[in-house]
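Visitor: Below are the structure tokens for one structure; questions will follow.
The values are calculated or read from the model by the stated rules, or taken from the named source; none is laboratory data. Not measured: the values here are computed from a predicted model. Cβ atoms come from the backbone with ideal geometry, glycine included; neighbour counts cover every protein chain shown.
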Amino acid sequence: MVSLDDFAAQSEGLGTLIEDVRSGRAPHAVLLTGAVGTGKRTLARLLACAFLCTGTSPKPCMQCKGCRRVMNSTHPDLLMPSCGEKERSVKVEHLREIIHALSMHPVEGGERVVLLENAQRMTVQAQNALLKSLEEPDGATRFLLTASGDVGLLPTVRSRCRTARLQLWPAERVAQELIRRGAKPEQAREIAILSGGSIGTALAMLEDNDLMRVRTLCEETFFSLSSVHDVPEAAVKLRERKDDADGLLDIFEQRVREYLLFSMKAGPEPAAVAQTRCHEIWLQAEPVHLERVLSGILDARRYRTANVSWQAVAEKLLYTTAEEIN
């Protein structure tokens, strides 16, 4: 699996944080932020392993009982909310066991870790319930929080954490990891490009052929419109893909944002795969037109919520895209 060294090489900030953890100088609370799929959850687990590892240095050894139990979520000193992943918010009642445990000594007498994934889902009441522990930490407790954006967490919670932001992974590094996991070089390259630098998405695509097909479909339709005359052909390809609609919109939005950042000289040049017939046109698009496409995607989501047929939503978005980009 991806290691702490892989994350340390990503940025100076992450490298310093990981070195501090390994040398015993770790802060009592760490907040990991970044886009979906950048590895926040994996890094949080690896840091938890490092804190609870009973093996030899460098930690985590990933072989000892402590590391194995962290990865399996069975370590008695790994404290997590009781809510399910699909619940929209983390409430005070979901934190009761954690709050109770924090009033006692660690079960195994060493360190303990409070792991709060998607911490932006915590209600204000839940965050306030944890504030005292964050403000007056004991020497045995480490807090690891992950959040996908800058919205949702109280300033008082953020200010008590050391924040580290994870960046999207270079395509070359993503491809290397995929090859290491058994992908053929050409397959790894294509997935690395389609994943947009999201290591989580890339690994999911390697394991899920349906996800790979949806991403390829996005390239064959939205990113292959040389004029409005191409819309009917693209619309036919999308017509029977209602079940993939939300995923298609997510992927399309991600890719458009990559081109927008490039057009504003704020990001690298997006890569293209064989199915991307109009890559050069997208590279030359002005920011204002890319922003209008993003607005069209937002409209498409609203139409979906209003139960407008997927065929009508897709055709409208295809025409908007063709008109703006060409």
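Visitor: Could you tell me whether the stretch 103-123 includes any residue that is within 26 Å of Thr38 (Cα to Cα), out of contact with any helix residue (DSSP H, G or I) (no Cβ under 9 Å at 6 or more places or on another chain), in the same structural domain as Gly39 (by TED's automatic domain parsing) and modelled with pLDDT under 95?
Guide: Scanning the stretch 103-123 turns up at least one residue that is within 26 Å of Thr38 (Cα to Cα), out of contact with any helix residue (DSSP H, G or I) (no Cβ under 9 Å at 6 or more places or on another chain), in the same structural domain as Gly39 (by TED's automatic domain parsing) and modelled with pLDDT under 95.
Visitor: Within 18 Å of Ala322 (Cα to Cα), surrounded by fewer than 18 Cβ atoms within 10 Å (Cβ to Cβ) and either without any contact (Cβ under 8 Å) to a residue 12 or more places away in the chain or in contact with a Phe, Trp or Tyr (Cβ under 8 Å, 6 or more places away or on another chain) (or both), is that true of Val236?
Guide: yes
Visitor: Oh, and also: In the stretch 56-109, what residues are touching a Cys at 6+ places or on another chain (Cβ under 6 Å), in a loop (DSSP other than H, G, I, E, B) and either within 26 Å of Pro137 (Cα to Cα) or of a type in the set (Asp, Glu) (or both)?
Guide: Selection gives Lys59, Pro60.
Visitor: To continue, here is another question. May I ask you to verify whether Arg41 is within 23 Å of the chain's Cα centre (by Cα), surrounded by fewer than 18 Cβ atoms within 10 Å (Cβ to Cβ) and not hydroxyl-bearing (Ser, Thr, Tyr)?
Guide: Yes, satisfied.
Visitor: Taking the stretch 280-295 on its own, how many of its residues are over 14 Å from Asn326 (Cβ atoms) and in contact with a Ser or Thr (Cβ under 8 Å, 6 or more places away or on another chain)?
Guide: Matching residues across the stretch 280-295 total 1.
Visitor: Please give the helices (runs of 4 or more DSSP H) falling wholly within the stretch 252-326 in which 1 or more residues are free of Cβ contacts under 8 Å to residues at least 40 places away in the same chain, among the charged types (D, E, K, R) and within 21 Å of Lys242 (Cβ to Cβ).
Guide: In the stretch 252-326, 287-305, 310-325 are the helices (runs of 4 or more DSSP H) which contain 1 or more residues that are free of Cβ contacts under 8 Å to residues at least 40 places away in the same chain, among the charged types (D, E, K, R) and within 21 Å of Lys242 (Cβ to Cβ).
Visitor: Can you find, within the stretch 15-43, the residue that is modelled with the lowest pLDDT among those that are closer than 19 Å to Ala204 by Cα and among the aliphatic types (A, V, I, L, M)?
Guide: Looking at the filtered set, the residue picked out is Val36.
Visitor: State whether one or more residues within the stretch 32-45 are among the β-branched types (Val, Ile, Thr), in contact with a helix residue (DSSP H, G or I) (Cβ under 9 Å, 6 or more places away or on another chain) and in a loop (DSSP other than H, G, I, E, B).
Guide: yes
Visitor: Return only the number of the condition from (1) at positive phi; (2) in contact with a Cys (Cβ under 6 Å, 6 or more places away or on another chain) that Ser224 does not satisfy.
Guide: Ser224 satisfies all of (1) at positive phi; (2) in contact with a Cys (Cβ under 6 Å, 6 or more places away or on another chain) except (1).
Yes/no per residue for (1) of a type outside the set (S, T, N, Q); (2) under 22 Å from Val70 (Cα atoms); (3) touching a Phe, Trp or Tyr at 6+ places or on another chain (Cβ under 6 Å):
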{"site": "Val90", "(1), (2), (3)": "yes, yes, no"}
{"site": "His94", "(1), (2), (3)": "yes, yes, no"}
{"site": "His100", "(1), (2), (3)": "yes, yes, no"}
{"site": "Glu108", "(1), (2), (3)": "yes, yes, no"}
{"site": "Leu115", "(1), (2), (3)": "yes, yes, no"}
{"site": "Asn118", "(1), (2), (3)": "no, yes, no"}
{"site": "Leu131", "(1), (2), (3)": "yes, no, no"}
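Visitor: List the number of the failed condition for Ser133; all other conditions in (1) surrounded by 19 or more Cβ atoms within 10 Å (Cβ to Cβ); (2) under 18 Å from Arg96 (Cβ atoms); (3) at pLDDT 90 or above hold.
Guide: (3)
Visitor: Ok, one more. Give me the residue from the stretch 143-164 that is touching a Leu at 6+ places or on another chain (Cβ under 8 Å) and not aliphatic (A, V, I, L, M) and, out of that set, surrounded by the most Cβ atoms within 10 Å (Cβ to Cβ).
Guide: This residue is Thr146.
Visitor: Can you tell me which of (1) outside any loop (DSSP other than H, G, I, E, B); (2) surrounded by fewer than 17 Cβ atoms within 10 Å (Cβ to Cβ) is the one Val113 doesn't meet?
Guide: Going through (1) outside any loop (DSSP other than H, G, I, E, B); (2) surrounded by fewer than 17 Cβ atoms within 10 Å (Cβ to Cβ) one by one, Val113 breaks only (2).
Visitor: Check whether at least one residue in the stretch 284-295 is exposed (fewer than 15 other Cβ atoms within 10 Å of the Cβ), of a type in the set (Asp, Glu) and either closer than 19 Å to Ala272 by Cβ or over 27 Å from the mean Cα position of the chain (by Cα) (or both), and report yes or no.
Guide: Yes, the conditions are met somewhere in the stretch 284-295.
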